[in-house]
Each structure stands twice: as structure tokens, then as C-alpha cells.
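Participant: Handing you a structure now.
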Protein chains: 2
Amino acid sequence: MTAAAAVAQVARAAKDAQPRLARLHREAKDAVLLAMAEALVDRADEIVAANARDLEAADAAGIAAGLRDRLALDVERVGSIAQQLRDAAALPDPVGEVMRGSVLSNGLELRQVRVPMGVIGMVYESRPNVTVDAAGLALKSGNAVVLRGGSAALHSNSALIAVLRSVLAAHDLPEDLIAGIDEHGREGVDALMRARGLVDVLIPRGGAGLIRRVVENSLVPVIETGTGTTHVLVDADADLDQAEAIVVNSKTQRVGVCNALETLLVHRDIAERALPRLAAPLAAAGVRLHADDAARAILAAAGTGAEVVPATEEDWDLEYLALELAVKVVEDLDEALEHIRAHSSGHTESILTRDLRSQQRFLSEVDSAVVMANASTRFSDGGEFGFGAEIGISTQKLHARGPMGLTELTSAKWLVVGQGQVRP
Amino acid sequence: MTAAAAVAQVARAAKDAQPRLARLHREAKDAVLLAMAEALVDRADEIVAANARDLEAADAAGIAAGLRDRLALDVERVGSIAQQLRDAAALPDPVGEVMRGSVLSNGLELRQVRVPMGVIGMVYESRPNVTVDAAGLALKSGNAVVLRGGSAALHSNSALIAVLRSVLAAHDLPEDLIAGIDEHGREGVDALMRARGLVDVLIPRGGAGLIRRVVENSLVPVIETGTGTTHVLVDADADLDQAEAIVVNSKTQRVGVCNALETLLVHRDIAERALPRLAAPLAAAGVRLHADDAARAILAAAGTGAEVVPATEEDWDLEYLALELAVKVVEDLDEALEHIRAHSSGHTESILTRDLRSQQRFLSEVDSAVVMANASTRFSDGGEFGFGAEIGISTQKLHARGPMGLTELTSAKWLVVGQGQVRP
């Protein structure tokens with residue numbers, strides 16, 4: 001069988017199995033999630049052994065240290081992965097929520113209720129924890145899931161999925177509700193992208209290249225996630241103590257994530273005071289500044305000790321995911337808004353100001369998924385928002401925008417109950 | 001300039017213009033809509049003259065009578081089109097609605113607010129009223145719109161769009177908020193489908209071929225609308241007086257629409273009584289029945305006078321949009337649910353029953369945008385649901401499902417207001 005046919009068969013089996021899950025109430029779904037957590041802990045040795053095979057292959061291929069760390073599992077990490085499932089069990093069930101409802105003038109009773117999406121396809125890179133997290137959130141929201149987690153994690157993902165499926169079977173549920181297609185490589189992803197009618201939504205998580213490939217080639221509706229060319233604007237009358245704390249936190253609290261600061265804009269009226277204040281702690285944290293001419297002149301005069309290189313046009317569009325920061329002095333709020341409009345990926349931007357009108361304009365006019373005032377961009381996160389779980393951060397406007405929790409894995413249907421009404 | 005470059009330029013101009021509209025409050029938007037209605041009435045002669053040129057070309061090409069009627073405008077019809085804009089003005093403004101909100105434990109104030117989608121692309125067939133309706137609903141919801149209404153309506157749409165744009169200009173708004181690309185033909189549609197990053201959502205409205213083409217080829221996110229292989233199930237203990245009224249209404253109240261009945265399922269326990277009752281008024285309305293063997297045997301024995309032909313496998317998947325009806329006798333509710341699962345386009349289905357358990361199972365297990373009990377399928381409509389306007393009926397699960405009103409033309413963004421918070 002070709003990879004395409006095999007993946008289509010997996011997706012069809014998931015679609016056929018999903019109605020069984022859709023009819024389960026929360027209590028039953030939570031019991032399965034808790035049993036899965038227990039099974040993962042019980043069978044941690046088996047999972048770690050499978051992971052060792054992946055690590056061996058990765059080491060032979062000369063994997064980078066950061067990627068190796070994301071891939072590696074030990075008993076403790078398997079325990080954390082199991083905990084994700086217990087956390088999912090503790091979340092409220094979005095399915096069945098009545099979103100809108102009314103009685104029409106002709107007596108028809110109208111309700112819009114939340115229902116599972118159906119079959120969710122996830123394409124991500126080699127982090128085995130995402131396998132379990134995605135499967136758990138899909139199950140909780142009544143969805144079947146087809147997982148494609150990267151060939152480097154093939155054995156780890158197989159072992160994890162085998163444990164989850166054995167728990168489904170033990171609860172008299174179809175194993176096809178959770179399926180992995182890692183063994184079909186890139187052809188598997190291609191087949192998943194063509195499975196329109198079988199897969200209801202495809203969510204890519206990972207690097208910009210992966211996401212672009214899925215967005216440009218999928219016939220299945222996609223939720224675009226991730227890339228964050230995140231801006232902070234230090235406005236003319238920002239509180240500089242707050243600004244220092246927020247800029248440093250936004251840039252350095254965690255570097256390789258989509259809500260980390262990538263471009264700092266500084267109002268010219270405060271630039272001479274602000275830039276040296278900000279540069280010193282950034283330099284101490286090892287951040288290199290890619291600064292425009294105006295910022296470089298100020299930094300050079302102040303002698304902050306920060307490493308400063310001239311910004312190029314490309315810097316304004318980069319998501320460094322590293323200890324690098326683009327810095328630009330802007331004439332006024334209008335120039336800042338214009339720069340963000342031209343260069344933001346629409347993920348997260350924050351203004352630091354004490355001026356009410358500046359804050360209002362920024363919140364209203366910046367067209368990004370998350371727009372902040374006087375807070376670190378690192379708060380742009382489903383966990384921080386109180387969702388309890390996050391399946392990714394959407395940067396598109398259709399269906400979901402910003403951090404996605406369980407609610408964003410659901411669709412809706414309209415129920416109309418009549419007593420014999422016909423249309424005149 | 002190529003068609004592709006020209007359409008990209010139009011889309012970019014729309015994108016650049018849209019923030020001006022996004023900042024308008026309801027009062028200002030409604031004033032523009034009312035002025036547009038007035039201008040259409042004032043310039044009706046000009047519009048009718050342009051329409052005459054389209055009709056002349058259509059007659060020369062031998063257009064079918066039904067399509068000609070959809071295309072034709074007179075002063076009265078222009079008046080109805082103007083009324084659509086007044087109706088849009090009367091609707092509440094979805095923009096700015098606070099959808100969710102809370103104060104997090106660290107004091108961050110979190111709000112999810114409705115915002116315009118940005119630029120909406122509409123691809124539809126030659127009905128000039130859709131041009132104005134789509135432009136009006138887009139404007140009301142703060143969106144720019146790029147309209148592609150079919151080459152047969154080229155002159156009519158140009159004249160209508162010219163009137164709308166002149167009103168925008170008179171209100172000191174960018175004309176680029178409403179743009180037509182009819183003159184670029186099929187290449188224009190191709191270019192619109194590739195305008196990812198400029199156009200935020202593409203909504204095709206029209207025949208199955210058009211919709212499939214857009215769904216399969218667009219890089220811009222699409223909302224799939226339309227096709228309805230709509231089912232009614234007459235359950236074992238349906239009220240036959242109600243069933244007769246509802247089945248006839250669902251099939252014949254208006255024939256060429258997506259919420260019209262296409263397949264009638266009849267429970268075997270009631271088939272001998274129900275089928276002759278239903279067939280007589282359907283026959284009187286000119287409906288031809290495509291019946292399975294069991295239904296044909298009953299109808300032949302009863303001698304209803306209805307024209308009955310044997311159903312083929314294809315009949316179960318057809319959207320006739322005509323005085324044709326597929327009829328099947330099912331063993332039980334399970335077989336009905338299974339048939340719907342296999343053959344429905346997920347638009348609208350209705351059960352006719354007095355049995356509570358049957359109704360509950362049908363509402364819960366049928367996975368369609370609108371699921372009804374004891375009501376005509378013709379109620380599956382944004383106007384009937386009280387939306388005041390309808391941009392189409394979505395048959396996909398992402399973003400919007402079922403009738404789409406102004407709300408479905410919006411996205412959301414998260415606003416986060418802090419007092420200096422950083423992430424620990």
C-alpha cells in the first residue's frame with residue numbers, strides 16, 4: 001500500500017471511530033485520561049527504551065544539543081507527560097455548551113451548541129510530549145486525532161501511542177481514535193494535507209518552514225500557528241523602571257519561543273534616557289542589539305557595554321529565537337504603528353506607556369492576536385490566560401486567534417426544535 | 001499589467017484602506033450605508049442601463065431563463081437592493097463586542113474583543129444583488145471587500161460598485177474599501193485565491209463546481225458554503241398531518257435552494273401509511289420520486305398517481321435543486337443515521353417524530369450544521385434564524401457553521417492591560 005493510501009485509511013478509520021467518542025460524557029472521557037496517565041507511568045521503562053533508540057539514531061546523525069534535549073525522555077519526563085493528561089482531565093468539557101439560543105417568533109426553539117471538530121490532524125516536530133498533550137486535548141474535546149510527530153521521534157511516539165491506544169481498547173473504545181503516521185515520512189504529511197473530507201482541521205506546530213509548507217499545500221482547512229515577530233514600544237512617557245523589567249523579561253525570560261520580544265521600538269523623546277537604561281541589563285543577559293542609526297548613536301555616546309551591530313532591513317522581519325534584538329527609534333506613535341503594521345507577524349505586541357491616549361490607540365489600532373499594555377509579551381500564552389492547556393497560538397484570523405485551548409478544538413451546530421412549523 | 005498583478009494591487013489597496021474603516025463607530029458606518037441606499041435609488045436608471053448591456057450579451061449567448069431572471073434588474077429591483085443596505089444599517093454592530101474577559105491572578109486585565117476580519121474576498125455567480133449585499137455587510141462589520149461576481153454581470157456590477165465607491169469618497173473614506181475584479185475573468189479568481197496575506201478570508205457562493213474550485217485551489221483561508229443534500233426522516237410514529245405539511249414545504253416551498261429537501265427517508269413501520277399520504281401532494285406539486293425498491297412497491301400498490309422512477313446509487317448523493325426527490329425506506333433509526341452519515345453534505349437534516357428518544361438521538365448524532373426536529377428544512381436560513389442578514393451557509397466546521405451573519409464576518413483579538421507585570 002502507498003503511504004497516501006495508508007494515511008487515507010488511518011484518517012477514515014479515525015473519522016469512523018469519532019462518533020463513539022463524541023457521545024461520551026465528561027466523566028467517561030476523564031476516566032480514560034486518568035487511566036492513560038497511569039498507564040504511561042506504569043510503562044515508563046518501555047517508553048524510555050524506545051526513546052533511547054531514537055536518541056541513538058539522532059546522535060549518529062549528529063543532532064544539535066537543543067533538539068536532542070527536546071527529544072530526550074527519562075522516567076521523570078514521562079511522569080510530567082502523564083501529568084498533562086491529569087491536567088486535561090481536570091479541565092471543563094467544552095462539548096455541549098449552549099453558545100446562543102432563543103425562541104423564534106414562530107415558536108421554533110433555536111440553540112447553537114458546541115460539538116467536537118471531528119478529526120484533527122497535528123503535524124509537529126520531534127517533541128514526544130506534544131504527542132501525548134495533543135492526544136489528550138483532542139480526546140477531552142471529543143475529537144479523533146492523527147499525529148505526525150517527526151521521524152526523529154518515531155520510536156518514542158510509537159511507544160507512547162501504543163500505550164494510549166491500549167487504554168482506549170481497555171475502555172471499549174476504538175483504538176483508531178488516536179493514530180500516528182510517523183512511519184510514512186514526508187509522504188505521510190502530503191497525504192494528510194490531501195485528506196479533505198476525512199480530516200476536519202490540520203494544525204501545524206513547529207518552525208516557520210513546516211508551517212509555511214502546510215499552509216501553502218493543504219486542502220484540509222489549516223490553523224496557522226506560531227511565528228512571532230513580537231514588538232515592544234517604549235512610549236515617550238513610559239515608566240523606565242517598569243520598561244527595564246518588562247523589556248528584559250520579554251526578551252530573556254525564555255528565548256526560543258514565539259512570544260519572546262524580537263524588535264524593540266523606542267519613542268525618540270525618551271530614547272536618550274531609555275536606551276542606555278535598557279541596554280545595560282540586556283547586555284548583562286548576553287543580548288546583542290541590531291540597532292538603527294539613531295539608536296546606535298545614542299548607545300555609542302552612552303557607552304553601555306552592549307554589543308551593538310547595525311540593523312539591516314532584514315532585521316525588522318526576523319524572528320531571532322535567540323539572544324538578538326532589533327532596536328529602532330521612532331518619531332512618534334504613528335511611526336511605531338506603521339512599523340508594526342509593516343513588519344509584525346500578527347502574534348503579540350506590547351506598548352509601555354503612562355499616556356491613556358497612546359494606550360487606547362495602540363490597543364485599538366494594532367491588528368495582532370494579542371495586544372498588550374504595560375506587560376511582558378511572555379504572558380501571551382494559553383496557560384497564562386487561564387486556559388489550562390494550549391494547543392498552539394493561532395496567528396490567523398479565521399476560527400481561532402491567539403492562544404488556543406480546548407474551546408478552539410470545537411465547532412458548533414444549530415439545533416432547531418419545532419412543533420410542525422412550515423415556512424409560509 | 002497582468003490580471004494577477006492587477007488583482008494583487010486591488011487587494012493590497014483594500015488591505016491598506018481597511019484600518020480607516022475599522023476605526024469607524026456604528027453611527028458613521030450606518031450613515032454611509034443609508035447614503036449608499038439613497039444613491040442607488042437616485043442612480044437607478046444608470047444601473048438599469050448598465051444591466052441592459054449585460055442582458056443583451058446574455059441573450060445573444062442564449063442564457064437560460066432562470067439565470068436571466070437572476071441577472072435582470074429594473075428600477076424596482078434596484079429599490080430592493082437599496083433596501084438591503086438600510087436593513088444592514090439597522091443591524092447591531094458586532095465589532096467591539098467583549099466575548100470573554102477576566103482579571104488574572106497577577107492583576108492582568110484580559111479581554112477578548114470582536115474585530116473585523118480585514119479583507120474579505122467574495123466569489124459568486126451573476127446575481128448583482130449579491131454585490132451590494134456583500135459590500136454592505138462587509139462595510140457594517142468593518143471589512144474591506146474584493147468582489148468577483150461573474151463576467152455575465154460585468155456592467156451591472158461595475159455600475160453598482162461605482163455608486164458605492166462614490167458614496168465612500170463623499171464620506172471621505174477610501175474608495176478601495178469596495179473593489180470589483182470582474183474584468184479579470186477566471187485569472188482574477190486565480191489571483192484572488194493566491195492573495196494570502198492580503199485577503200483574510202475567501203467566501204465562494206454559487207454552484208458546486210465554483211465552490212469546489214475555490215476550496216481546492218485557494219491559499220487564502222476559505223469558508224465553504226452551500227451544497228445541501230438535505231434529508232428528512234419520517235420516523236415510525238411521526239404525526240402524518242405534520243409530516244405531509246413539512247415534507248411538501250421542505251421540498252416545494254422553493255426548489256432551487258440549498259435548504260430544500262433532496263432525500264426523504266421513511267421508517268418501515270410507517271411506510272405503508274406515510275408514503276401514499278406524502279406522494280399525493282408531492283405529485284400534485286409536480287415532484288418526481290426516485291424511490292428504492294421498498295418504496296416503489298408500496299407506491300405501486302397504493303396507486304398514488306405520482307411519477308416514480310427507480311433510485312440509483314447516485315440519487316443518494318444528488319442535490320437536485322429541482323422537482324425531484326429521492327425516497328428510501330429505512331429499517332430503523334440506526335439505518336437512517338447511517339445513511340445520513342454516508343450521504344449528507346452536512347447542511348441540514350430534520351426528523352419528524354413524536355418519540356422523545358428518537359428526537360434526542362437524531363439531534364445528538366447527526367453531524368450537520370443545522371439539525372432539526374418537527375420543522376421544515378426551509379427554516380435553515382440566516383434570515384429565519386433572526387440574523388437579519390446572511391452572507392451564506394457554511395458547511396465546514398472551521399470558524400463558522402450554518403447560516404453566517406455579521407458575527408461570522410468578524411475575528412477576535414485579545415487585549416491585555418497590565419501595570420508592569422513580568423513573568424516569573
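Participant: With charges set only on the Cβ (+1 for Lys and Arg, -1 for Asp and Glu), what does the dipole of the protein assembly as shown come to about its Cα centre, in debye to the nearest 20?
Facilitator: Values: 84 positive and 118 negative charges, 84 e Å.
That gives a dipole near 400 debye.
Participant: Right, next: Mind checking the range A:317-424 for trypsin sites (Lys or Arg not before Pro) that DSSP puts in a loop (not H, G, I, E or B) and that have at most 15 other Cβ atoms within 10 Å? Before the final figure, lay out each step's value.
Facilitator: Details: sites: A:Lys328, A:Arg341, A:Arg354, A:Arg357, A:Arg361, A:Arg378, A:Lys397, A:Arg401, A:Lys413; in loops: A:Arg354, A:Lys397, A:Arg401.
The qualifying sites are A:Arg354.
Participant: What whole number of Å gives the distance from the Cα centroid of the range A:1-78 to the Cα centroid of the range A:329-408?
Facilitator: Result: 33 Å between the Cα centres.
Participant: PRE reach from A:Arg26 (point 7 Å along Cα→Cβ): which of the range A:88-112 fall under 18 Å by backbone N?
Facilitator: Answer for the range A:88-112: A:88-100.
Participant: Straight-line reach from A:Lys251: which aspartates and glutamates have Cα under 12 Å away, leaving out those fewer than 8 places along the same chain?
Facilitator: Those aspartates and glutamates meeting the cut-off are A:Glu262, A:Glu319, A:Glu324.
Participant: B:Glu56 label points, 7 Å along Cα→Cβ, one per copy: pairwise distances from this copy to the rest in nm, shortest first?
Facilitator: Output for B:Glu56: 8.2 nm, nearest copy listed first.
Participant: Hey, any idea what % of the range B:230-382's accessible area is carbon plus sulfur with a 1.4 Å probe?
Facilitator: Working: 2560 of 5590 Å².
Solvent-exposed carbon and sulfur of the range B:230-382 make up 46 percent of the total.
Participant: If you don't mind, there's one more thing I want to ask. Consider a paramagnetic label point 7 Å from the Cα of B:Ala72 along Cα→Cβ; state which residues of the range B:121-159 have an amide N under 17 Å from it.
Facilitator: Backbone N within reach: B:126-129, B:153, B:156.
Participant: Here's a follow-up. Suppose you put the label 7 Å out from Cα in the Cβ direction; list, shortest first and in nm with one decimal, how far B:Ala5 is from each other copy's label.
Facilitator: Here B:Ala5 shows inter-copy label distances of 4.7 nm.
Participant: Would you jot down the residues in the range A:7-48 that end up with at least 40 Å² less accessible area in the complete protein assembly than in the chain alone, with a 1.4 Å probe?
Facilitator: A:Arg23
Participant: Still on this structure, I have one more. Heavy atoms only, probe 1.4 angstrom, no DNA, RNA or ligands counted: give me A:Ser368, A:Ser105, A:Ser344 ranked by accessible area, highest first. Spell out each step's value before the answer.
Facilitator: Details: A:Ser368 0, A:Ser105 135, A:Ser344 30 Å².
The residues order as A:Ser105, A:Ser344, A:Ser368, largest area first.
Participant: Return the percentage of antiparallel bridges among DSSP beta bridges fully within chain A, rounded to the nearest 5 %. It would help to have the intermediate numbers written out before the result.
Facilitator: Details: 17 of 57 bridges.
Beta bridges within chain A, antiparallel portion: roughly 30 percent.
Participant: Just the accessible area per residue of chain A, please: how many Å² with a 1.4 Å probe? Present the calculation step by step, with values, prior to reporting the outcome.
Facilitator: Values: 15960 Å² over 424 residues.
Accessible area per residue: 38 Å².
Participant: Going toward the positive end of the dipole of the range B:230-382, with +1 on Lys and Arg Cβ and -1 on Asp and Glu Cβ, which of B:Met372, B:His267, B:Pro281 do you reach last?
Facilitator: Going by the charge dipole, the pick is B:Pro281.
Participant: With just the Cα atoms defining each centre, how far is the range A:188-261 from the range A:288-307? Give it in Å.
Facilitator: 29 Å
Participant: Something else now. So for the range A:105-217, averaging the separation of alpha carbon pairs under 8 Å that are six or more residues apart and normalising by length, what relative contact order in percent results?
Facilitator: Values: 149 pairs, mean separation 36.1, N = 113.
Relative contact order comes out at 32 percent.
Participant: Would you mind giving the total buried accessible surface between chains A and B, with a 1.4 Å probe and ligands, DNA and RNA left out, rounded to the nearest 100 Å²?
Facilitator: Values: alone 18800 and 18780 Å², together 31900 Å².
Buried area (both sides, nearest 100 Å²): 5700 Å².
Participant: Mind listing P(r) for chain B? All alpha-carbon pairs, 20 Å bins, whole percents.
Facilitator: Taking every Cα pair in chain B, the percentages come to 24, 48, 26, 2, 0.
Participant: Divide the volume of the convex hull of the Cα atoms of the protein assembly as shown by its number of residues and quote the answer in cubic angstrom per residue. Before the final figure, lay out each step's value.
Facilitator: On the way: hull volume 146.1 nm³, N = 848.
Looking at the protein assembly as shown, the number lands at 172 Å³ per residue.
Participant: Still on this structure, please answer the following. Sort shortest first the distances from B:Leu219 to its counterpart in every other copy, using label points 7 Å along the Cα-to-beta-carbon line, and give them in nm.
Facilitator: List, nearest first: 1.9 nm.
Participant: Follow-up. Sequence gap at least 6, Cα distance under 8 Å: using those rules, report the relative contact order of chain B to the nearest whole percent.
Facilitator: About 18 percent, as a whole number.
Participant: Going down the table (A:Lys328/B:Lys15; A:Lys140/B:Lys413; A:Lys140/A:Lys397; A:Lys397/B:Lys397), which pairs top 18 Å between alpha carbons? Write down the numbers at each step before the final one.
Facilitator: Numbers: A:Lys328/B:Lys15 25 Å; A:Lys140/B:Lys413 25 Å; A:Lys140/A:Lys397 25 Å; A:Lys397/B:Lys397 15 Å.
Checking Cα-Cα distances, A:Lys328/B:Lys15; A:Lys140/B:Lys413; A:Lys140/A:Lys397 exceed 18 Å.
Participant: How large is the direction-averaged shadow of the alpha-carbon convex hull of the range A:230-384, in nm²?
Facilitator: Numbers: hull surface 31.0 nm².
Averaging across all directions leaves 7.7 nm² for the Cα convex hull.
Participant: I would also like to ask the following. Divide by every residue of chain B the summed helix terms, -39500 (n - 2.57) for each DSSP H run of at least 4, and state the resulting mean residue ellipticity at 222 nm, rounded to the nearest 500 deg cm²/dmol.
Facilitator: Values: 14 runs with 187 residues, N = 424.
Taken over chain B, the calculation gives -14000 deg cm²/dmol.
Participant: Moving on to the next point. Which value, in Å² rounded to 10, gives the accessible area of A:Asp133 with a 1.4 Å probe and all protein chains present?
Facilitator: For A:Asp133, the solvent-accessible surface is approximately 30 Å².
Participant: Take every Cα pair under 8 Å in the range B:230-382 that's 6+ residues apart, average their separations, divide by the length, and report that relative contact order as a whole percent. Provide the component values of the computation, followed by the final result.
Facilitator: Values: 304 pairs, mean separation 50.6, N = 153.
Normalised by residue count, the contact order of the range B:230-382 is 33 percent.
Participant: For the rotation bringing B onto A, which B residue has its Cβ nearest the axis, and at how many Å?
Facilitator: Spelled out, residue of B and its Cβ distance from the axis onto A: B:His399, 2.
Participant: Within the protein assembly as shown, what percent of beta bridges assigned by DSSP are antiparallel, to the nearest 5?
Facilitator: Numbers: 34 of 124 bridges.
The antiparallel fraction comes to roughly 25 percent.
The values are calculated or read from the model by the stated rules, or taken from the named source; none is laboratory data. What you see is a predicted model; the values in this text were computed from it and never measured. Cβ atoms come from the backbone with ideal geometry, glycine included; neighbour counts cover every protein chain shown. Quick note on the areas: whole protein, heavy atoms, side chains included, nothing else; ligands and nucleic acids left out. Shrake-Rupley method; radii C 1.70, N 1.55, O 1.52, S 1.80 Å.
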